[in-house]
Amino acid sequence: MEAVLAGIKVMVTDDGYLTDFSQWNEDIAREIAKNEGIEMTDRHWEVIKWIQEQVKAGNPLSVRGIKKSGVLDIKEFYALFPGGPLKLSTKIAGVPKPKSCI
Amino acid sequence: MKNILILGAGTSGTMMANHLRPKLKKDQWNITIVDQYRTHYYQPGFLFLPFDIYTEDQVKKVGKKFIPKGVNYIQKKIEKIIPTENKVELEDETLSYDILIIATGSKIAPEEVEGMKGKNWHKNVFDFYTYEGSLALRNKLREWEGGKLVVHLTEMPIKCPVAPLEFAFLADSYFTKKGMRDKVDLTYVTPLSGAFTKAKSSESLGYLLKEKNIKLETDFAIESVDNDGNKIIDYGGREIEYDLLVTIPTNMGDEVIERSGMGDDLNFIPTHHNTLQSLEHENVFIIGDATNIPASKAGSVAHFEAETLTDNILLYIDGKPLKEEFDGHANCFIETGHNKALLIDFNYKQEPVEGTFPFPVVGPLKLLKESVFNHWGKLAFRWIYWNMLLKGIAIPFISRNMSTKGKKIN
Ligand SMILES: Cc1cc2nc3c(=O)[nH]c(=O)nc-3n(C[C@H](O)[C@H](O)[C@H](O)COP(=O)(O)OP(=O)(O)OC[C@H]3O[C@@H](n4cnc5c(N)ncnc54)[C@H](O)[C@@H]3O)c2cc1C
């Protein structure tokens, strides 16, 4: 469906994930974050960049995988994106949320 | 003489041996297949074994029986693949190849989570992804008197991604039949955002957990298993108590892939999504659970892959371009308990939807809907596996590429 984020019309899923990464930009990311109660800092952006690189390379994302990222540890990941860090960070990064086959 | 070497005689390796032998001249090509174990397991049966639906004998056979005549079978451990020299080291000999097919699958790695393979492993903490785990769990369930049963999934990707959910459904059914469902508190714990993560599936199947009184805990990224407190703890500090924990540990490719420096973090091998050729070595091909492709790790997927890969190996031998044909096609039955099942048919691009299968309107199988017929289909899959799938016989009316016929796609 259509949504307006940071003044731009974008396509999103029912739960608010961008369906087309080419529509992503930092303003949109900031707005998604704000709606989730997150104020973006340099650390947040580093994580977002890392996630986007992983998805581009086709690597599966998992919270445990963060340990091996060298970017941050899992405690910090939780602190930056409280509640569901993977769910929230992927949403802000404009990439699909980690899914199963159904 | 030239050599094709197949590593692993599980579902995929066995299928490839059966596909390739009749298609290659015996005076030009040797085919050799290597596996460490004598027994070939029907892994989908590990879901049924704990509930006394299948017996031990129904899920295991001697692997060699399924390897065709004219294929050299070696029962040894593979130590290292050296793709730059076209060589593979086994425990006590080294083999050379012209073409290598890697089919070493994936397996559980419970040691990846602190405490999981601890003092209570196979006492009140079980897996059912191995023969040993599944059997130990059956013996436990036979005498278990009830309490908190937690069915838990560590992280994706896992083989047969719906198996943990099926386990929860079958547990509900099992305890109901035993007349003790009221004594069992059943919880499903997932690192994902829901039991169903795709739009159409959530819409069509969301009712299942509620109907079966299965509690749901989402976004749970496990850090450790506390064997004294009998609880699992996640990185955010969330705790879930259990009397009986049934977990799907992290799934990883075999250590031989790590020793050979050929895999990613989880020992899965970078593979072309549509040709199944290695992204690094042109005479190396990967099939089944060993790849890193974003398709489900399932026997049915391996079956469709095998058809494309066979064609591609013949093309490669002839020096022709490979077909970019494999579309991620998967076709899986999902047990929902009480003698019903669902069927899903999907690929890289098309998520599971409702409809009929394999024919429009008449089915006879229903997609993404519970039916008794689908349950028979799941049970028939065991016969199909041993008698058709492993032998590389095409399954009637089901093509390697996903068909949109009968699917409600809007
Ligand atoms: C509980 C459960 C339920 C499932 N349900 C279904 C289902 O309903 N439908 C479906 O389609 N699929 C299902 N699957 C998945 C299916 O079983 C697998 O996807 C399939 O077996 C993969 O085949 P494979 O050949 O890639 O790997 P495997 O069949 O696992 O074979 C790998 C082989 O390689 C050998 N090997 C690995 N490393 C070495 C080494 N170093 N040296 C020597 N040998 C080695 C192993 O011994 C093994 O025999 C299920 C799996 C499980 C665990």
Restricting the first residue to region B:274-294 and requiring it to be under 12 Å from B:Phe326 (Cβ atoms) and free of Cβ contacts under 8 Å to residues at least 60 places away in the same chain, which pairs with a second residue that is of a type in the set (Lys, Arg) and more than 12 Å from the ligand (Cβ to nearest atom) meet a Cβ separation below 9 Å and a spacing of at least six or different chains?
B:Asn274/B:Lys323; B:Thr275/B:Lys323
What pairs come up if the first residue lies in region B:96-109 and is touching a residue at least 60 places away in the same chain (Cβ under 8 Å) and open to solvent by 30 Å² or more (accessible area, probe 1.4 Å), the second is within 15 Å of the ligand (Cβ to nearest atom) and among the aliphatic types (A, V, I, L, M), and their beta carbons are under 6 Å apart, counting only those six or more places apart or on different chains?
B:Thr104/B:Leu7; B:Thr104/B:Ala290
Lone unmet requirement of (1) touching a Cys at 6+ places or on another chain (Cβ under 7 Å); (2) more than 16 Å from the ligand (Cβ to nearest atom) for B:Val162
(2)
Taking the condition of being under 17 Å from A:Cys101 (Cβ atoms) and touching a strand residue (DSSP E or B) at 6+ places or on another chain (Cβ under 6 Å), how many residues in region B:369-400 meet it?
2
Please count how many residues of region B:316-345 are within 30 Å of B:Ala171 (Cβ to Cβ) and away from chain A (no Cβ under 14 Å).
4
Would it be correct to say that B:Glu258 is under 23 Å from the mean Cα position of the chain (by Cα) and over 25 Å from B:Ser134 (Cβ atoms)?
yes
Hits in region B:116-156 - residues which are within 14 Å of chain A (Cβ to nearest Cβ) and surrounded by fewer than 23 Cβ atoms within 10 Å (Cβ to Cβ)
B:Met156
Restricting the first residue to region B:122-145 and requiring it to be away from the ligand (no atom under 16 Å from the Cβ), which pairs with a second residue that is outside any helix (DSSP H, G or I) meet a Cβ separation below 6 Å and a spacing of at least six or different chains?
B:Asn124/B:Leu244; B:Val125/B:Leu245
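When you look at B:Ala302, is it more than 21 Å from B:Ile393 (Cα to Cα), among the small types (Gly, Ala, Ser) and either in contact with a helix residue (DSSP H, G or I) (Cβ under 7 Å, 6 or more places away or on another chain) or open to solvent by less than 10 Å² (accessible area, probe 1.4 Å) (or both), yes or no? So that I can check it myself, show each step before the final result.
On the way: more than 21 Å from B:Ile393 (Cα to Cα): no; among the small types (Gly, Ala, Ser): yes; either in contact with a helix residue (DSSP H, G or I) (Cβ under 7 Å, 6 or more places away or on another chain) or open to solvent by less than 10 Å² (accessible area, probe 1.4 Å) (or both): yes.
The answer is no for B:Ala302.
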Assess whether B:Tyr348 counts as being open to solvent by 20 Å² or more (accessible area, probe 1.4 Å), of a type in the set (Phe, Trp, Tyr) and within 14 Å of chain A (Cβ to nearest Cβ).
yes
If B:Gly229 satisfies every condition in (1) assigned to a loop (DSSP other than H, G, I, E, B); (2) more than 14 Å from chain A (Cβ to nearest Cβ); (3) open to solvent by less than 10 Å² (accessible area, probe 1.4 Å) but one, which is the exception?
(3)
Count of region B:194-223 residues which are at the interface with chain A (Cβ under 8 Å from one of its Cβ atoms), of a type outside the set (A, V, I, L, M, F, W, C) and under 21 Å from A:Pro96 (Cα atoms)
5
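Looking at region B:273-309, which of its residues are assigned to a helix (DSSP H, G or I), of a type in the set (Gly, Ala, Ser) and within 9 Å of the ligand (Cβ to nearest atom)?
Looking only at region B:273-309, we keep the residues that are assigned to a helix (DSSP H, G or I), and these are B:288-290, B:299-309.
Next, from what is left, pick out any that are of a type in the set (Gly, Ala, Ser): B:288, B:290, B:299-300, B:302, B:306.
Correct list: B:Gly288, B:Ala290, B:Gly299, B:Ser300, B:Ala302.
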I need a count of the residues in region A:1-36 that are under 26 Å from A:Asp73 (Cβ atoms) and open to solvent by 70 Å² or more (accessible area, probe 1.4 Å).
4
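The values are calculated or read from the model by the stated rules, or taken from the named source; none is laboratory data. Everything numeric in this text was worked out from a predicted model, so none of it was measured. Heads up, the Cβs are rebuilt from the backbone with ideal geometry, glycines too, and the neighbour counts pull from every protein chain shown. In case anyone asks, the SASA skips ligands and DNA or RNA and just uses the protein heavy atoms, side chains included. Shrake-Rupley method; radii C 1.70, N 1.55, O 1.52, S 1.80 Å.
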